[in-house]
Amino acid sequence: MASQNGFQILAQTIENRGIYYGLPTYSQKGLKALVFGANGISGIAMLRVLSEDPNRWTQVTALSRRPPTVTQGIGKKVKHVQLDLLEDPKSIALILKDNDIDADVVFFFAYVQPEPKNNAPLWSNAEELCQVNGDILRNCLEALKLAEIRPKRFLLQTGAKHYGVHHGATLSPVLESDPRVHFQPNFYYAQEDILFEYCKKNSVKWNVGRPSGIIGASQDPVINLAYPIAIYAAVQKHKGEKLVWLGDLLSWEKECVHSTATLNSYFYEYMALCDEAGNEAFNPGDGCPFTFARLWTELAKWYGMECVPPDDNAKYQEIAFPHSPPPRGFGPASTLCIQYTFFEWAQRPENQEAWKELTQKHKLKGTLFEELKKLKEVFSALDFAALFGYNFTYSPTKSRKLGWHGYVDSVESYKEAIEQLASFGMVLEVGRE
């Protein structure tokens, strides 16, 4: 055993599970976990990972506003409790007490997305996001105190916007130690500060996970990248058209990190059970290079259609980000060069009619194209993730020094996520017409 850069390096055994490689093994048994935000992509993935060893996690409680929407892969020992984190902490604490809930580890994935006013872009209502998402975390922590639940570890998931990637180019790869970007209020910072204060006062160790471009599947379509991608491919195929890339060459070739929800969850379990990881933030990533050029090329093969890369002769709209210099601290403002957005594509009548035909033919669930608010949320998230034209990658150094070796091919993750969405009846199976 040796010590290096603050972490102890220990011998360990790793294993592979399906498309996931280099996963750790554990000796701990008889642990209890609380999962807030259990119906989202990340919460569902966390429940599945915790369900894999019912001897290690003997009590798992899933908490969310709505009843569980997914049961596949979730163990019988998982108990679902309905509660609303916008309620008074006393009411939340009473629910926790009435259900005899305790926890060694709390995993917090809950998130509220208030609708921007006046048709403003997604995430533009920064102050409102800070207020409501600060409130739900604060209410959770206060309820834990009132219910006399003191976990050994509290893990908060935030994301890549911690580094200001939504404002333009960052230094790449980003490090967990990179400074905050104060172009506008950021609810991730508000949540971190709330958590740090609680942990200091209550002698609880914290972790923060900052994933980027989460790949996974849930029955909530919002901020679910695989969902609009699967719709886009299926509709283009149904119309007899090609898989066209809507951005320019920079967005096509840029390297951008993705964080598969299942691999994130394996890493979160590792963080929570590793003493050396206490009071540290980490960047969960898939561990492989990724470009949308590679995904689009493979996606076209899956659906049996021709992929069309960026056209040098196409007319592009150039949209400048408002901040100069961008988050990296030097250089001009970043720009977005597009033919049109995926959200604009989704609003075209011929595409809406094609999806309606596919929905009726294959008896698919959902009314996405009938709800403009949800349509905007779903496809605007894809626009943001796919069409920006600058690299955004994570350094794996801190995770590697902790002894984390988890890996998954992001392209394989997208295929797995689309197949899971198809099993929910939300999209077509890959290649089906």
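In segment 259-383, taking the dipole from charged Cβ atoms about the Cα centre, the farthest positive-side position among 331, 366, 292 is held by 366. Bridgeable lysines around residue 373 (alpha carbons under 19 Å apart, same-chain partners fewer than 8 residues away excluded): 117, 356, 365. The phi-based Karplus calculation (6.51 cos²θ - 1.76 cosθ + 1.60; θ = phi - 60°) puts the 3J(HN,Hα) values of segment 335-350 at 10, 10, 10, 9, 6, 6, 8, 5, 5, 5, 4, 5, 8, 5, x, 5 Hz, whole numbers, x for Gly and Pro. A crude spin-label estimate for the pair residue 72 and residue 115, with each label 7 Å from Cα along the Cβ direction, gives 3.1 nm.
Take the Cβ-Cβ distance between residue 175 and residue 127 as r, set R0 to 41 Å, and report the resulting FRET efficiency rounded to the nearest 0.05. Write down the numbers at each step before the final one.
Details: r = 28 Å, r/R0 = 0.68.
With a Förster radius of 41 Å, E is 0.90.
To the nearest 10 degrees, how steep is helix 126-146 against the longest Cα principal axis of the chain, on a 0 to 90 scale? With rounding to tens, the tilt is 30 degrees.
Solvent-accessible area assigned to carbon and sulfur over the chain amounts to 49 percent, based on a 1.4 Å probe. The long axis of helix 261-273 is offset from the longest Cα principal axis of the chain by roughly 20 degrees. Counting only residues at least eight positions apart within a chain, or on another chain, the lysines with an alpha carbon under 24 Å from that of residue 32 are 76, 77, 79, 90, 97, 145, 152, 200, 201, 205.
Principal-axis analysis of the Cα atoms of the chain puts helix 372-387 at an angle of about 90° to the longest axis.
Rolling a 1.4 Å sphere over the protein heavy atoms, what is the accessible area per residue of the chain, to the nearest Å²? If you can, show how the numbers build up before the last one.
Working: 18760 Å² over 433 residues.
Heavy-atom accessible area per residue stands at 43 Å².
A simple spin-label model places pseudo-atoms 7 Å from Cα toward Cβ; at residue 255 and residue 84 they are separated by 4.7 nm.
Taking label points 7 Å from Cα along the Cα-to-Cβ direction, residue 275 and residue 148 give a separation of 2.8 nm.
Relative to the current alpha-carbon distance between residue 318 and residue 99, full extension at 0.36 nm per residue lengthens the span by 73.4 nm. How far is the Cα center of segment 366-397 from the Cα center of segment 145-198, in Å? Distance between centres, Cα-based: 20 Å. Charge dipole of the chain (Cα centre as origin; +1 on each Lys and Arg Cβ, -1 on each Asp and Glu Cβ, all else neutral): 820 debye, rounded to the nearest 20. Rounded to the nearest 0.05, the FRET efficiency derived from the C-beta distance between residue 135 and residue 308 at R0 = 35 Å is 0.15. Putting +1 on Lys and Arg Cβ atoms and -1 on Asp and Glu Cβ atoms, find which of 204, 379, 399 reaches farthest to the positive end of the dipole of the chain. So the residue we want is 204.
The calculated FRET efficiency for residue 348 paired with residue 91, based on their beta-carbon distance and R0 = 51 Å, is about 0.65.
Which of rounded, prolate or oblate describes segment 349-398 when judged by the alpha-carbon gyration tensor and an a/c cut-off of 1.5? Display every interim value, and only then the final one.
Numbers: a/c = 3.06, a/b = 2.48, b/c = 1.23.
Taking the square roots of the gyration eigenvalues as a ≥ b ≥ c, segment 349-398 is prolate.
So for the chain: antiparallel DSSP bridges make up what percent, rounded to the nearest 5?
Details: 12 of 45 bridges.
Counting DSSP beta bridges with both partners in the chain, the antiparallel share is about 25 percent.
The values are calculated or read from the model by the stated rules, or taken from the named source; none is laboratory data. Note that this is a predicted model, so its numbers are computed, not measured. Every residue, glycine as well, gets a Cβ built from its backbone with ideal geometry; the counts of neighbours run over all protein chains shown. Side chains included, ligands, DNA and RNA excluded: accessible areas come from the protein's heavy atoms. Shrake-Rupley method; radii C 1.70, N 1.55, O 1.52, S 1.80 Å.
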